[in-house]
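**Q** One structure is given below, represented as structure tokens, and several questions about it will come after.
Any read-out appearing in this document is the output of simple, stated calculations on the displayed coordinates, not a laboratory observation. Since the structure is predicted, the reported quantities are computational estimates derived from the model, not experimental observations. Backbone-built Cβ (ideal geometry, glycine too); neighbour counts: all protein chains shown.
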Amino acid sequence: MTEEYIYAVARVRSKELGLLNRQDVDQLMACRSYEECLRTLSDKGWGTGESSSAEAILAAEEEKTWAFIHELTEDLTPFQVLLFPTDYNNLKAAIKAVITGVEPQDVFLPGGSIDPEVMLRCVREGDFSALPESMAQAADSAYHTLLQTQDGQLCDVILDRACLLDVLNCGRESKNDILRDYAELTCAVSNIKVAVRACKTGKNRAFLEAALAPCATLNADSLAAAACKSLDDLFAYLAATPYSEAAGRLKESYSAFEKWCDDKVMDLVKSQKMNPFTVGPLFAYVIARRNEISTVRIILSGKLNELDDGMIRERLRDMYV
Amino acid sequence: MFDWTTMGVVFALIGAVLAALMGGIGSAIGVGMTGQAAAGVVTEDPSKFGKVLILQLLPGTQGIYGLLIGFVTLTQIGVLGGDANMSLAKGLLYFAACLPMAIVGMVSAKWQAKASVASISLVAKKPDQFGKSMIFPAMVETYAVLALLISILAITSIGGLQV
């Protein structure tokens, strides 16, 4: 039903007026110090009024975004593509905490769809039936792999791949173009990152095959084969795919590549500014909020470390508005 | 033996009812859709109530046109006073005359609502563009007005025909 989001989309349109635009980013950049940046953000309504640290302000903004989405819709299924990475990250932390016998403290990320305590209990009891089926299978496999091999990286690879597959499935099942394209882009970009890291660290073909998730726009076998040879071969393969620009950015620097990834997502969701129906604009709003939080984090880190303005600017992401 | 020739007034009445019914259904759906969008905007910014209210009401006109056609038809066929006897051919003519308003009314109300919802989003982001935002859904109104015109012309002319 395209019409069930009419009220929600109208609210999102009004809320979009409060998103940071290029002028706001320039204003933040013009701040002479980190403290001045925090004051400017506070004047724009960022934070809770009580929190003074940058991390607390950014966490409060992330929380506000999800509180708003919860207010708009009870069904968060379309947003699972954004929530799976948090859930899988918490699952990794839970498995590692249980196996190493360390009491988990400040290791869980907030905002996932599954309570980290539930995950912890599942891992402790070795019964993952409380988790969604695909996640339970991956958790069981990662848990036993870590237990038997003590190889944390292998555990991460199993869970990261399962996360990407869940994101892809969620996107495909949503029957919404923007969610499907976002899931595909997320999976392809993650595969590229894995391939580049594996190539640089000299990982073998078996590792790459275990780590790469099959997606429609990148052939995992060809990517793995190229990554096993050399970076130049990897870039040559990417040049023949829809991600040809990625090769150029990777040659430039890894931060340029990461900026390209975020900008690509932004280009994708900008089409939702013209869509008055469907869940797409809500999804785009969450992405836009995450993007501005990420941009503000870059500016604050730059100001805190007294980096040159030019260096900060080249890392700034495109804004939604 | 069933006498079809007495069924003229029945068809004419069905036509009148359909015009009011379908126009009304279309408008109810349309105003409901735009109402949701308007409520969304007012939740965030109550000062835009006046502007979004006008946009909400635009798909409501088809219901009024349908009512008007229904009323005129009832008057013409003598149901609201006078002689309700008419030939089958005349009854079918009234029925056909009501169809433009019935069908175009229902379809245009829903599409106008979609245009209005989009315009409400426009007003939410750019309130100074309210004038332009009115034009887009108003364009759809053209076709409801054309249907109203042809239905009215047909209904008022049928009475003089010798059939």
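**Q** Within region A:7-16, is there a residue that is surrounded by 21 or more Cβ atoms within 10 Å (Cβ to Cβ), away from every other protein chain (no Cβ under 14 Å) and not aliphatic (A, V, I, L, M)?
**A** no
**Q** Can you confirm whether B:ALA138 is under 30 Å from B:VAL9 (Cα atoms) and either within 14 Å of another protein chain (Cβ to nearest Cβ) or in contact (Cβ under 8 Å) with a residue 12 or more places away in the chain (or both)?
**A** It is false that B:ALA138 is under 30 Å from B:VAL9 (Cα atoms) and either within 14 Å of another protein chain (Cβ to nearest Cβ) or in contact (Cβ under 8 Å) with a residue 12 or more places away in the chain (or both).
**Q** Further question: Examine region A:30-50 for a residue that is without any contact (Cβ under 8 Å) to a residue 12 or more places away in the chain, under 18 Å from the mean Cα position of the chain (by Cα) and within 19 Å of A:ILE298 (Cα to Cα), and state whether such a residue exists.
**A** no
**Q** Would you confirm, using the coordinates I've provided, whether A:ALA288 is within 14 Å of chain B (Cβ to nearest Cβ) and of a type in the set (Gly, Ala, Ser)?
**A** Yes, satisfied.
A quick yes/no check of all residues on (1) surrounded by 24 or more Cβ atoms within 10 Å (Cβ to Cβ); (2) outside any helix (DSSP H, G or I); (3) under 24 Å from the mean Cα position of the chain (by Cα); (4) within 14 Å of chain A (Cβ to nearest Cβ):
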position: B:GLY24; (1), (2), (3), (4): no, no, yes, no
position: B:LEU53; (1), (2), (3), (4): no, no, yes, yes
position: B:LEU58; (1), (2), (3), (4): yes, no, yes, no
position: B:GLY78; (1), (2), (3), (4): no, yes, yes, no
position: B:ALA84; (1), (2), (3), (4): no, yes, no, no
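**Q** Can I ask one more? Are any residues in region A:265-281 assigned to a helix (DSSP H, G or I) and either surrounded by 21 or more Cβ atoms within 10 Å (Cβ to Cβ) or within 13 Å of the chain's Cα centre (by Cα) (or both), and if so, which ones?
**A** Within region A:265-281, A:VAL265, A:MET266, A:VAL269, A:GLN272, A:GLY280, A:PRO281 qualify.
**Q** May I ask you to list the residues in region B:111-128 that are closer than 18 Å to B:GLY23 by Cβ and buried (at least 20 other Cβ atoms within 10 Å of the Cβ)?
**A** Passing the criteria: B:GLN112, B:ALA113, B:LYS114, B:ALA115, B:SER116.
**Q** May I ask you to list the residues in region B:86-126 that are within 14 Å of another protein chain (Cβ to nearest Cβ) and either more than 28 Å from B:GLY32 (Cα to Cα) or not in a helix (DSSP H, G or I) (or both)?
**A** B:LYS126
**Q** Okay, next question. So how many residues does region A:167-187 have that are of a type in the set (Gly, Ala, Ser) and over 13 Å from the mean Cα position of the chain (by Cα)?
**A** Residues flagged as of a type in the set (Gly, Ala, Ser) and over 13 Å from the mean Cα position of the chain (by Cα) within region A:167-187 amount to 2.
**Q** Kindly provide the set of residues from region A:45-91 that are crowded, with 19+ Cβ neighbours inside 10 Å, outside any helix (DSSP H, G or I) and at negative phi, ordered by number.
**A** Once the filter is applied, which keeps residues that are crowded, with 19+ Cβ neighbours inside 10 Å, outside any helix (DSSP H, G or I) and at negative phi, region A:45-91 yields only A:TRP46.
**Q** Residues that are more than 29 Å from A:VAL98 (Cα to Cα), at least 2 per element: which helices (runs of 4 or more DSSP H) completely within region A:147-214 meet that? Give the derivation first.
**A** Details: elements: A:152-173, A:177-200, A:205-211.
Hits in region A:147-214: A:152-173, A:177-200.
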